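Participant: Structure below; questions to follow.
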């Protein structure tokens, strides 16, 4: 039987509007009716999907069959040790290993996540950081999915856990050089990392070293490859501040490198006698400066450019590695640290790809390591000689049974409603005919300046082998084309994100890649907002939609400062306490714009313990859709009752979830 949520009108007034929310009651997870409703929806989803169980098993076998279950990562050298992870067949989690000085040395397992996960339905590792002398390990775990981590410390010489245990911490942790002190971030009541503490092993109470009282800002910790400093990064969506101490002076006070200035973003790296500063001050797409340490005499190293965004800068002893993005594609340039002359530009052969530095732990080296992949090429680990330009493929992760020559990728541009060209990346099996009959899965995100780079995914092969085209819409709001791309898709320009996505769908249909009756869309979190807005604006374009942990109750969430992330995201979405932003957010908020009309078939997923997008957002949205939509298309809500934003933990459970989603799509094709 199709579930029906009870209607309990809740009336609020803001900016002259009287708003009635019939499903506000679903926010109270202590109410047994809430649990009953979520379980009823889960039961209905199971009932509807029961005929697909054999297909799900087939898909699971396919997806798992491409995975090399016994595998290991390329070792990373850090001091005298080579660190790597490996997986074993039948084991859901990684095993953390190291060898002393040589790949031929005996293996030491210093952390086995499978053992730690025993007895827990959910498990995730947050931090995992060795002390400078490599004798101690500080690591953190989450067993609820709420992203509140507990830190523990292990003596790697004996294997014993020390008595130190710290709860309610977040993702970053840095050791001082004394091998007995580390710094970590603590969460407040809305799960904002707002404090940094100094912990000394064996000392009962920790020292508060910094507290950020402005609720727009969050804290994290970092360090350069030189390991001479510890950085405290203080960030809002619009503004940055970086403070530092020497890592051999853990009792020192964190000092600002540049003062906080509204609208100015910057980050810092260290090399020799210099701090290098990447900033958008005076350059929307960022420029690179440097200053002598403990001074503010800024010198420009790389000027800002309208057609190129400086994404990051990584400093080695003798080299600078500058990661840039031009027309949506990433490039890497190598410069000499003394002369600043560009030595090499790393080139890549495919029309669409993704690349990023990975596994670099040594400061005094001429080798930089990066990970490369494309929609056709599986993840590849490459060591690159910064002086000579010589590259060595250290590993291409094996995809069992995969033949790259059978597939093709390409890049298109759709014209948005305001004339802007929006990139689209595609992959499909060679020989595909553009006759308008191909099923397609179109993915989008488009928020927070996060680029959606076209990397490889072996799971997609189960769709491509069944005639699907997989497409990525590189829409505004993300960082795919640079900083301006983000700025053109947030706050009072947010609707560009949704209009760009619709333009991409229209272009793919017009070019006969697919048709409305064959086009499915997919997005998660802020990408779920995108899916919700798109099906409200143009439901006629889409045959099916999958929305994972979707941020769809935007007005109500942004009006509630007690919800995690709300205040800190005013600079991304706007503060609806201000009428202009209220009206604008209301114009696209998916929950508020559900209408009595036809909608595509939809699968909506939630996590009961999700601290980023509360379970009630997708639950309320589905309840309202059920009450108002005029079609008979399937609408499913699946709530994971023991996980959070990232879904169930462990690689096998993740594969099951993908098989479930693909079964939903394929039964509608």
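Participant: Between the alpha-carbon centers of the stretch 219-255 and the stretch 622-636, tell me the distance in whole angstrom.
Facilitator: Going from one Cα centre to the other spans 50 Å.
Participant: Is the stretch 267-367 rounded, prolate or oblate when judged by the Cα gyration tensor, a ≥ b ≥ c being the square roots of its eigenvalues, rounded requiring a/c under 1.5 and prolate requiring a/b larger than b/c?
Facilitator: In terms of gyration-tensor shape, oblate.
Participant: Which parts of the stretch 287-308 would a label at residue 340 reach, counting a residue when its backbone N lies under 14 Å from a point 7 Å out along Cα-to-Cβ?
Facilitator: 287-292, 297-304
Participant: Here's a follow-up. Which of 358, 374, 46 comes first, and how do the rest follow, when ranked by fewest Cβ neighbours within 10 Å?
Facilitator: Ordered from fewest to most neighbouring Cβ atoms within 10 Å, 358, 374, 46 come out as 46, 358, 374.
Participant: Between helix 32-49 and the chain, what is the angle of the helix's C-alpha long axis to the longest principal axis, kept within 0 to 90° and rounded to the nearest 10?
Facilitator: So the helix axis and the longest Cα principal axis differ by about 80 degrees.
Participant: Restricting to the chain, compute how many DSSP beta bridges are antiparallel as a %, nearest 5.
Facilitator: Of all bridge pairs located within the chain, approximately 85 percent are antiparallel.
Participant: How would you rank 344-351, 447-454, 80-87, highest first, on the average number of other Cβ atoms within 10 Å across their residues?
Facilitator: Ranked from most to least packed, the peptides come out as 447-454, 80-87, 344-351.
Participant: A further question on this structure: Over the Cα atoms of the stretch 120-264, what is the Rg over Rh ratio if Rh follows Kirkwood?
Facilitator: 0.97
Participant: Rounded to whole Å, give me the distance from the Cα center of the stretch 52-77 to that of the stretch 414-440.
Facilitator: What the calculation gives is 29 Å, centre to centre.
Participant: Of all beta bridges DSSP finds with both residues in the stretch 422-525, what is the antiparallel percent, to the nearest 5?
Facilitator: The antiparallel proportion sits near 30 percent.
Participant: Given Cα pairs under 8 Å that are at least 6 residues apart, what percent is the relative contact order of the stretch 287-440?
Facilitator: Worked out over the stretch 287-440, it gives 12 percent.
Participant: If one computes the Cα centroid of the stretch 510-544 and of the stretch 1-19, what distance in Å separates the two points?
Facilitator: 27
Participant: Tell me the relative contact order for the chain as a rounded percent, counting alpha carbon contacts under 8 Å between residues six or more apart.
Facilitator: 10
Participant: I've got another one for you. Based on the mean of other Cβ atoms within 10 Å per residue, sort peptides 17-23, 487-493 so the most packed one is first.
Facilitator: By packing density, highest mean first, the sequence is 487-493, 17-23.
Participant: Let me ask something else. Expressed as a rounded percentage, what relative contact order does the stretch 120-264 have, with Cα pairs under 8 Å and six or more residues apart?
Facilitator: Taking the mean separation of contacting Cα pairs over the length of the stretch 120-264, I get 14 percent.
Participant: Highest mean first, how do 109-122, 532-545 rank when packing is the count of other Cβ atoms within 10 Å averaged over residues?
Facilitator: The most tightly packed comes first, giving 532-545, 109-122.
Participant: Can you tell me the orientation of helix 651-668 relative to the chain, as the angle in degrees between its alpha-carbon axis and the longest Cα principal axis, to the nearest 10?
Facilitator: Once rounded, the angle reads 30 degrees.
Participant: Let me ask something additional. By counting other Cβ atoms within 10 Å of each Cβ, how are 182, 660 ranked from fewest to most?
Facilitator: Ordered by Cβ neighbours within 10 Å, fewest first: 660, 182.
Participant: Classify the chain as rounded, prolate or oblate, taking a ≥ b ≥ c as the square roots of the eigenvalues of its Cα gyration tensor: rounded when a/c is under 1.5, otherwise prolate if a/b is larger than b/c and oblate if not.
Facilitator: Rounded, since a/c falls under 1.5.
Participant: Rounding to the nearest 10 and keeping the result within 0 to 90°, find how far the Cα-based axis of helix 579-588 lies from the longest principal axis of the chain.
Facilitator: Helix 579-588 and the main axis of the chain meet at about 60 degrees.
Every read-out reported here was derived from the displayed coordinates using simple, explicitly stated rules and does not represent laboratory data. Since we're looking at a predicted model, the values are computed, not measured. For neighbour counting, all protein chains shown are included, and Cβ atoms are generated from backbone atoms with ideal geometry for every residue, glycine included.
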